[in-house]
1. Quick check on this structure: which one of 233, 214 is closer than 18 Å to residue 270 by Cα, more than 16 Å from the ligand (Cβ to nearest atom), more than 19 Å from the chain's Cα centre (by Cα) and surrounded by fewer than 24 Cβ atoms within 10 Å (Cβ to Cβ)?
2. If residue 238 satisfies all but one of (1) buried (at least 20 other Cβ atoms within 10 Å of the Cβ); (2) over 14 Å from residue 326 (Cα atoms), what's the number of the condition it fails?
3. Is it the case, given these coordinates, that residue 359 is closer than 27 Å to residue 326 by Cα, touching an Asp or Glu at 6+ places or on another chain (Cβ under 6 Å) and away from the ligand (no atom under 11 Å from the Cβ)?
4. With respect to the numbered conditions (1) within 27 Å of residue 395 (Cβ to Cβ); (2) surrounded by fewer than 21 Cβ atoms within 10 Å (Cβ to Cβ); (3) in contact with a helix residue (DSSP H, G or I) (Cβ under 7 Å, 6 or more places away or on another chain), which one is the sole condition not fulfilled by residue 355?
5. Which of (1) touching a residue at least 60 places away in the same chain (Cβ under 8 Å); (2) not in a helix (DSSP H, G or I) is the odd one out, the single condition residue 233 does not satisfy?
6. So the check is Cβ under 9 Å with 6+ separation or different chains; which pairs have a first residue in region 332-349 that's closer than 17 Å to residue 362 by Cβ and in a helix (DSSP H, G or I) and a second one that's of a type in the set (Asp, Glu) and within 14 Å of the ligand (Cβ to nearest atom)?
7. Kindly indicate the residue of region 236-289 that is closer than 22 Å to residue 377 by Cβ and small (Gly, Ala, Ser) and also nearest to the ligand (Cβ to nearest atom) among those meeting that condition.
Amino acid sequence: MSEFRDKLFSPAKLNGLELRNRVIRAATFEGMCPNGYPDERHIKLHREMAEGGVGMTTVAYCAIEADGRVKREMMYMHEGIRPQLEQLTGSVHEAGGKISAQMGHCGNFTQNPDFQGKRPLGPSRKINMSGIPFGLAFAGAMTHADIDRVVQCFHDAALFLKSVGFDAIEVHFGHGYGLSQFISPKTNKRKDEYGGSLVNRMRYPLRALEAVRKAVGDEYPILGKIGLMDGVKGGQEIDEAVEVAGLLDEGGIDAVITSGGTSSMSPNLVFRGDNILPGLIKVEQNWMLRLGMRMIGPWMFKTYPYEELYFLEGAKRVRDRMKNAKLCYIGGSTTMESLETVMKEFDFVQMGRALIKDPAFVNHAMADPDYVNGCDHCNRCATMISHPDGIRCVTNDEKKTG
Ligand SMILES: Cc1cc2nc3c(=O)[nH]c(=O)nc-3n(C[C@H](O)[C@H](O)[C@H](O)COP(=O)(O)O)c2cc1C
């Protein structure tokens, strides 16, 4: 076996956890929790990942509390969901894989009609554009008591996720969700100790990390997904991302995943390739949101051309800042050549679309050095996040039905 294949497909440790290889299925919102509970399709999807050979699969967006959901159709951590989650983790373990949970809180970016609080809360007051159709237009600024409460939610959710059988936790520090709203100078306008300098803006995210660590113990792996850049004027840029990662490293994170873009301001930057706006408009059930996307979408949904390993340079800069934490690369690794580059530079790789295209990527690539995945980053999978059927590779399905 060549050197890179040897590294990619051999067991690797992430804190106290051994993965059978270095391929981790990225969190890609499944859209398979119709009433906030993962159903059999959700379990099948992650089991297929394990059967297809990945070292670890990641369950997307496990909201730490009910009001941490972006959409009603997301799961949030509470005892009522224990049986479904135990079935999910058990099924992945049976198939020989490991399973991680991505913990998220939406902060002020929500479109959840069941929202229970008075208003969505983030670092600073703002208009929550996508919440307008749901009567959630005005977002308030979190008080210190609000911050303390949500930090406790991170702790409790981590304890719960470990107890239902997850092998690792991935904290979402990126993509414009709650923690990244504090990190970004675009959205954090606070004048207290949670705003201003980067050290201040990182205070709440680091408290969340500390709470998660306290809940799960020293041996348990915690990954953190960060943004290399927001992709909007006045947003967080790469220099600060390097420092964000450095502070997380010093805060005891085990691996940093270097993504970019935000769901609220620059969604196409997360994946690049074909613009997801037309597909999202087609699938959206709420007419007001559809109208809003038609009117404002073209400003928000800028197109970014796809290239393999589009976050490579940023990820290298972050890696150079790491003292203890591992670096998990994400963003446009679909070819064996790309994976060779990633393995030369980094410890782990997370893959999203290539594994939606072919859940057995790892098994196929292990058996055939000339394996070609064929994901063409049409991004139609990403437009399915609001579809009642959940995400899938639309191109594969079209081929099947002729
Ligand atoms: C259908 C779909 C859903 C996604 N949902 C999430 C999500 O819930 N959380 C997250 O952090 N990233 C999400 N992403 C972004 C991916 O995790 C990943 O960052 C992105 O697809 C780039 O990796 P790739 O080139 O390997 O696909 C999603 C991507 C896709 C395609």
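1. Answer to the selection: 233.
2. Result: residue 238 fails condition (1) only.
3. Here the answer is yes, as residue 359 does meet what is asked.
4. Condition not satisfied by residue 355: (2).
5. (1)
6. 337/308; 338/308
7. Ranking the candidates gives 259 first.
Residues checked against (1) of a type in the set (Ser, Thr, Tyr); (2) modelled with pLDDT of 95 or more:
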site	(1), (2)
7	no, yes
14	no, yes
17	no, yes
35	no, no
68	no, yes
76	yes, yes
79	no, yes
86	no, yes
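The values are calculated or read from the model by the stated rules, or taken from the named source; none is laboratory data. The model shown is predicted, which means the values in this text are computed figures rather than measured ones. Note that we place each Cβ from the backbone using ideal geometry, even for glycine, and neighbour counts take in every protein chain shown.
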